[in-house]
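A.B. asks: I'd like to ask some things about the structure below.
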Amino acid sequence: ILIDLNAASSTGKSVLQATNFDYVRLELSRMGLHVHLTTNRSVDRGGRRDSSKKVLVLEAGRSGVNDSLVTVPQHSFSFIGTDIDWLYNTAPQTHAANQTVNLSSGKASSVKASARARANVPKPDSRRDSAVNGLVWVRGPKEEYDAIEALGNAGWNWNRFYAAMEKAEALNPPSQDLVDQFGFVINPSSLGSAGPVDVSFPNFLPLQHQKFINASVQLGHTFNPDPYGGNNRGVFYSLSSQTKMAVRETSEFAYLDPVLSRSNLVVMYNGALVTKLNVTTIRATANDTQATDSTTVVTASASGVQVSFPDGSLQFAKVKPSTGEVILSAGTVRTPQLLELSGIGDKNILAPLGIDVKVNLPGVGANYEDHTITILTYLLKEPYLSFDALQYDPVLLAQQEELYKQGKGWLTFANSVLNMAPVDKILNSSEIATAKILLQTKPPTIQQDIYQGIRDRVFDVPQVEYLLFNSFSGGPVKLPNRSYVSMAVTHLHPLSRGSIHICSTSINDHPVINPNLLEAEWDRWFLAKATAYARKFFQTPAFQEIFEEEVFPTVADVSTDAEWEQFVKDNINAGYHSVGTASLLPRSKNGVVDTDLKVYGTKNIRVADLSIMPVLLSAHTQPAAYAIGEIAAGLIRGA
Ligand SMILES: Cc1cc2nc3c(=O)[nH]c(=O)nc-3n(C[C@H](O)[C@H](O)[C@H](O)COP(=O)(O)OP(=O)(O)OC[C@H]3O[C@@H](n4cnc5c(N)ncnc54)[C@H](O)[C@@H]3O)c2cc1C
C-alpha cells in the first residue's frame, strides 16, 4: 500500500492503528530504502519470500517526480535550496576561517515516479526519480574495505562489499557508437550485470572531459581501464547511476517498484516525519557481560516509532512484540539525531537535555567524517563551450532539451572521468619527507586505530581525487556569454573528525553538525598541496589547447604555500559524503552498531545507512550505501 500522507492522512492513521509491523523502516528515500525491499526481493529470488511479514516504510520527503531538476542527470545539484533539501549547514568551522559550510541533503522520494514507470510511461519522460546526488558510481581499492574488517568488524571486508555492490548493480556496457565517439573503456567482468540499479556511461562526454584523460596522462598519471575490480588508482572513465536512456537511477525505482503491489508492504511518504523511537529497557544483571557499571542498561527494545503527520498529529507505528524490528536509515545526520532523541547516546549529552538515558552509547554522533573539497575555476577558449552556455544560449538549450527526449546530448551528462591520485604522483621527494613528519602527529579527535590505518595506507591508496565540473563554480568575475570549467580537488582521507549531536529535544531543530574541517595540520597542508597541483593539469598541452586562463584563484592572488593554505581555509567545501556517526566498530572502540548492524545494548534496533561506515573510502559513497542495504537485507533475513 502506497500512502501519500499529504493527500491521505486519515488512511495512514487507520493503517497504523490497525497494524503491528514486523519491520518498521525509517526512511524510504534513496539509499536507505532498499533494505526491506531488498529483503523482499532477494527472498523472492531465492523463492523464500515470507509474505506474512508486514513491513512499514516511513519517509519525510515528498516526491520529486514532477521536478525535472531532479530527474535529468545534467541537473544534479540543482535541488540545493529547494523544498527537497533538508537545508543543513555546518556549525562555524574553527579551523576554516570560522565559516559555516553548506551540507545540503536530499529530502525526496519518488514513489509516484515508480508508479508512473509501472504504468509504462516511456523513458525519459517518466521523470521517475528524485535522488539528488551527482550520479558518480565508483568504488575504492580493495585494501580500504579490508581495513574496515581490521578495525574489529569480522566479515566486513572487500569480498563482502564487492559481492554486495555487484549484486546491486547492472552495467549497461557502452555501445560501439559511444566507444567510437568518446573512447569509453570498461571491464564488464568487474561489474554486476543483473542487479536492480542501472549504471551506464552518459551518452555524451564534453570535450574538456575527454582532454582531462590526456592531460592526466601527460602529467604522468596512469590510465586505468578497470577501476571497478579493486584497484581504482589512476585516471578513468567513471560510470553514472543512470539508465541507458539517461534517466537517473534510484533505489526507489530499482527496489521499490518491483514490490509495490505486495500486500505486506506499506509505504508512507510526503510528510511521515519520524520523531523518535519508543524504547523500553531491562536493567543489567550481574552476569551480563555488557554491563560496565551498576547503572548500565543492557537491553533496550523499541516498541515502535512516533510519526509526525502533515496535519501536526503525532501517530504511533507499532512493531510486533518480541519479534518486530526497527531499522534506521535516516542518514548520517538524522540517524544519530533519532537515536539521541530516543535516549540512545552519550549520557553527558542526553541528560542535560532532560532525556531519559536508555542506553549510554558515547559513539552516537561521534567519529563524523566527510571528504573536503576545494574548487578552481578556468575560462575556456572560444569557441569551446561548457554547461554555462545552456544559460546564455536559449537556442542551444532548446536543442539539448529536444535531444534529451531521445536520451541523447548534453543533458545526459552529470559526470565521468575521475583521477584518483596517489601521493607520489603529486608530491616531490622533499614534500614526501614533510608529509611523513606531519603524519606522525595524531589529531585529537580521531581514534587511534583509525588514524594508524589511514597513516599506514597513505602511500598505498589514492589520497586525492581530481574531477571536472562542467561549469563556472566561483570567482570574482563571470564574463557574459563565455564558458567556464571547474576543477574539484577532494582530499580522500582526512584525519579530522567531528560530531553531530542534538541541541534540543525536538526533531524540528537540526542537530549541531560539526565536521571539524581542517582540524588536522595534515589535512590543511595536504589539501593545499593537492590544490596547488591542480594547476599543473592546465599547463599540459592537452588543456592549453582549450583553456584560456585561470580565473579563480589567479596566479597573482595565490601562489606561495602560505597563500594556498589560506585559500583552502577560506574556500573549503564539504564533500557531501558524510559518514561515521553510528559507526560499525566494537563497543569498546566507541562503536554504535555490531557486525549484525544491531545498535549496542538493544534487542531490535538496527542501522542501515552510511552512518555506519567507520571510515571513508577513496570513492563516492552511494555504491557503499547500496552495498550496506544489500548486506543488511541478508542479516535481517538471517541469510
Ligand atoms: C549534493 C550531493 C551530491 C552527491 N553526489 C554523489 C555522487 O555523485 N556519487 C555518490 O556515490 N554519492 C554522492 N553523494 C552521496 C550519497 O548520495 C549519499 O552518501 C547517500 O545518499 C547516503 O545514503 P543514506 O541512505 O545514508 O542517506 P540518505 O540518502 O540521506 O537517506 C536518508 C533518508 O531519510 C529521510 N529522513 C531523514 N530523517 C527522517 C525522519 N526523521 N523521518 C522520516 N524520514 C527521514 C531523508 O529524507 C532521506 O530520504 C552525494 C550527496 C549529495 C547530498
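The values are calculated or read from the model by the stated rules, or taken from the named source; none is laboratory data. These numbers come from a predicted model, not from an experiment. Cβ coordinates were reconstructed from backbone atoms using ideal geometry, including for glycine residues, and neighbour counts include every protein chain displayed. To get the accessible areas, we keep the full protein, side chains included, count just its heavy atoms, and leave off ligands, DNA and RNA. Shrake-Rupley method; radii C 1.70, N 1.55, O 1.52, S 1.80 Å.
A.B. asks: So what J values fall out for segment 474-479 if you push phi through Karplus, 6.51 cos²θ - 1.76 cosθ + 1.60 with θ = phi - 60°, rounded to Hz, Gly and Pro as x?
C.D. replies: x, x, x, 10, 10, 6
A.B. asks: Angle, helix 448-457 long axis vs. longest principal axis of the chain, Cα atoms, 0 to 90°, nearest 10?
C.D. replies: Roughly 30 degrees, rounded to the nearest 10.
A.B. asks: So if R0 is 35 Å, what FRET efficiency would Ile432 and Gln181 give, r being the distance between their Cβ atoms, rounded to the nearest 0.05?
C.D. replies: 0.30
A.B. asks: Per the 1.4 Å probe, what fraction of the accessible area of the chain, in percent, lies on carbon and sulfur atoms?
C.D. replies: In the chain, the share of accessible area belonging to carbon and sulfur is 50 percent.
A.B. asks: Now a separate question. Among DSSP beta bridges lying fully in the chain, give the percent that are antiparallel, nearest 5.
C.D. replies: 65
A.B. asks: Shape call for segment 416-515 from the C-alpha gyration tensor, a ≥ b ≥ c root eigenvalues: rounded (a/c under 1.5), prolate (a/b greater than b/c) or oblate?
C.D. replies: Note, shape of segment 416-515 comes out oblate.
A.B. asks: Something else: With every protein chain left in place, what is the accessible area per residue of the chain in square angstrom, probe 1.4 Å?
C.D. replies: In whole numbers, the chain has 35 Å² accessible per residue.
A.B. asks: Work out, step by step, the length gained on full extension between Lys347 and Leu635: first 0.36 nm times the residue separation, then minus their alpha carbon distance; give nm to one decimal.
C.D. replies: Here the answer is 100.8 nm.
A.B. asks: Using θ = phi - 60° and the Karplus relation 6.51 cos²θ - 1.76 cosθ + 1.60, list the HN-Hα couplings for segment 554-566 in order, rounded to whole Hz, with x at every Gly or Pro.
C.D. replies: Result, rounded to whole Hz: 7, 4, 5, 7, 9, 9, 7, 4, 5, 5, 5, 4, 5.
A.B. asks: Given a cut-off of under 8 Å on Cα pairs at least six residues apart, what relative contact order in percent is computed for segment 428-487?
C.D. replies: 24
A.B. asks: Next question. Just check segment 155-265 against the gyration tensor rule for me: Cα atoms, a ≥ b ≥ c as the square roots of the eigenvalues, rounded for a/c under 1.5, and otherwise prolate or oblate depending on whether a/b exceeds b/c.
C.D. replies: oblate
A.B. asks: Along the Cα→Cβ direction, 7 angstrom out, place labels at Asn89 and Thr505. What is the inter-label distance in nm?
C.D. replies: The answer from the label model is 2.8 nm.
A.B. asks: Then there is this: Collect residues whose amide H, placed 1.01 Å from N in the peptide plane, falls under 5 Å from the amide H of Ala330; neighbours closer than 5 in sequence don't count.
C.D. replies: Under 5 Å from the amide H of Ala330: Thr335.
A.B. asks: Determine the relative contact order of segment 434-531: mean sequence separation of Cα pairs under 8 Å and six or more apart, normalised by residue count, in whole percent.
C.D. replies: About 27 percent, as a whole number.
A.B. asks: Determine ³J(HN,Hα), in whole Hz, for all residues of segment 584-592 in sequence, where each value follows from phi through the Karplus function 6.51 cos²θ - 1.76 cosθ + 1.60 and θ = phi - 60°; x replaces Gly and Pro.
C.D. replies: Result, rounded to whole Hz: 7, 7, x, 4, 5, 10, 6, x, 10.
A.B. asks: Report relative contact order for segment 209-280 in percent, whole number only (criteria: Cα-Cα under 8 Å, sequence separation at least 6).
C.D. replies: About 15 percent, as a whole number.
A.B. asks: Whose amide H sits under 5 Å from the amide H of His95, counting only residues 5 or more places off or on another chain, with H placed in the peptide plane?
C.D. replies: Under 5 Å from the amide H of His95 lies no amide H from a residue far enough along the sequence or on another chain.
A.B. asks: May I pose another question? Based on Cβ point charges of +1 for Lys and Arg and -1 for Asp and Glu, what charge dipole magnitude is obtained for the chain about its Cα centre, in debye rounded to the nearest 20?
C.D. replies: 1900
A.B. asks: Could you sort the peptides 471-479, 530-538, 202-210 by per-residue average Cβ neighbour count (10 Å cutoff), highest mean leading?
C.D. replies: Ranking, from highest mean packing down: 202-210, 530-538, 471-479.
A.B. asks: If I model the chain as equal point scatterers sitting on the Cα atoms and use the Debye formula, what is log10 I(q)/I(0) at q = 0.09 Å⁻¹?
C.D. replies: -0.71
A.B. asks: Also: Amide H to amide H, which residues 5 or more places from Ser238 or on other chains are under 5 Å from it, using H placed in the peptide plane?
C.D. replies: Residues meeting the criterion, in which the H sits 1.01 Å from N, are Val417, Leu418.
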